[in-house]
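The values are calculated or read from the model by the stated rules, or taken from the named source; none is laboratory data. Quick caveat, the model's predicted, so the values are computed rather than measured. Ideal geometry is used to build each Cβ from the backbone, glycine not excepted, and the neighbour counts take in all protein chains shown. For accessibility, only protein heavy atoms count, side chains too; no ligands or nucleic acids. Shrake-Rupley method; radii C 1.70, N 1.55, O 1.52, S 1.80 Å.
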Amino acid sequence: MFHGKHFVVGEKLADLYESEQQWSKSAQMLSGVDLDSRIRMLDKTYKLSKCVQIARLYLEDDDAVNAEAFINKASFLVSNSQHKVLNLQHKVYYARILDLKRKFLEAALRYFDISQIEKRQILRDEWIDEEVLEQALTAAVTCTSLAAGPECSSVLTILYKARALALVMGWAAMS
């Protein structure tokens with residue numbers, strides 16, 4: 001665990017590993033930063049951002065197990081968060097984890113939830129790109145196609161209706 005002065009060193013080293021695309025090493029460095037230190041009180045948004053960042057780094061290496069550990073930590077913080085970008089990233093990474101763990105139907109429902117976000121403006125000058133929402137809907141269709149079980153047909157019906165609506169709204173046809 002990194003404490004005190006080592007806290008900054010650990011973050012800088014993680015940045016270096018990330019710049020070299022050594023995702024897991026960067027995530028390991030950041031996970032060594034003590035986010036629950038009683039010595040240094042950290043803002044909950046900062047803790048949430050670090051947990052989400054670590055999950056993203058592990059996902060870059062398709063490491064769903066370690067990513068899930070940090071998304072689960074973030075889940076405790078995201079429920080009280082007003083930070084729209086972090087909340088959205090949490091949703092996206094959670095869906096990707098379910099996808100990587102081959103929990104396709106659950107992932108499809110999470111992706112579908114993301115694709116149905118109505119409020120496109122997440123910050124004063126930041127908007128959710130329509131293409132991102134379309135990709136989430138495409139991922140939902142793909143995951144549903146890979147899933148097995150009787151629930152798939154009802155989810156496919158929901159996705160088909162959403163796709164038809166998306167086409168009416170002017171999105172490009174899904175491949």
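Name the helices (runs of 4 or more DSSP H) wholly inside segment 52-171 in which the number of residues that are modelled with pLDDT of 90 or more and among the hydrophobic types (A, V, I, L, M, F, W, C) is 1 or more. I'd like the intermediate steps shown before the answer.
On the way: elements: 64-78, 84-100, 104-115, 130-146, 151-168.
Hits in segment 52-171: 64-78, 84-100, 104-115, 130-146.
I'm told D113 meets every condition in (1) open to solvent by less than 70 Å² (accessible area, probe 1.4 Å); (2) under 14 Å from the mean Cα position of the chain (by Cα) except one. Can you identify the failing condition by its number?
(1)
For segment 78-96, give me each residue that is of a type outside the set (G, A, S) and over 8 Å from the mean Cα position of the chain (by Cα).
Here is the first cut: in segment 78-96, the residues of a type outside the set (G, A, S) are 78, 80, 82-94, 96.
Matches in segment 78-96: V78, N80, Q82, H83, K84, V85, L86, N87.
Which of the residues spanning segment 45-65 are within 29 Å of S145 (Cα to Cα), of a type outside the set (K, R) and surrounded by 19 or more Cβ atoms within 10 Å (Cβ to Cβ)? Don't jump to the end; show me each part of the working.
First pass over segment 45-65, keeping only residues within 29 Å of S145 (Cα to Cα): 52, 55-65.
Narrowing further to those that are of a type outside the set (K, R): 52, 55, 57-65.
Residues satisfying the conditions are V52, A55, L57, Y58, L59, A64.
Out of all the residues in segment 76-93, which are over 12 Å from R110 (Cα atoms) and among the hydroxyl-bearing types (S, T, Y)?
If the condition is that a residue be over 12 Å from R110 (Cα atoms) and among the hydroxyl-bearing types (S, T, Y), then S79, S81 are the ones that fit.
Determine which single condition Q89 fails, assuming it passes every other condition in (1) touching a Phe, Trp or Tyr at 6+ places or on another chain (Cβ under 6 Å); (2) open to solvent by 50 Å² or more (accessible area, probe 1.4 Å).
Going through (1) touching a Phe, Trp or Tyr at 6+ places or on another chain (Cβ under 6 Å); (2) open to solvent by 50 Å² or more (accessible area, probe 1.4 Å) one by one, Q89 breaks only (1).
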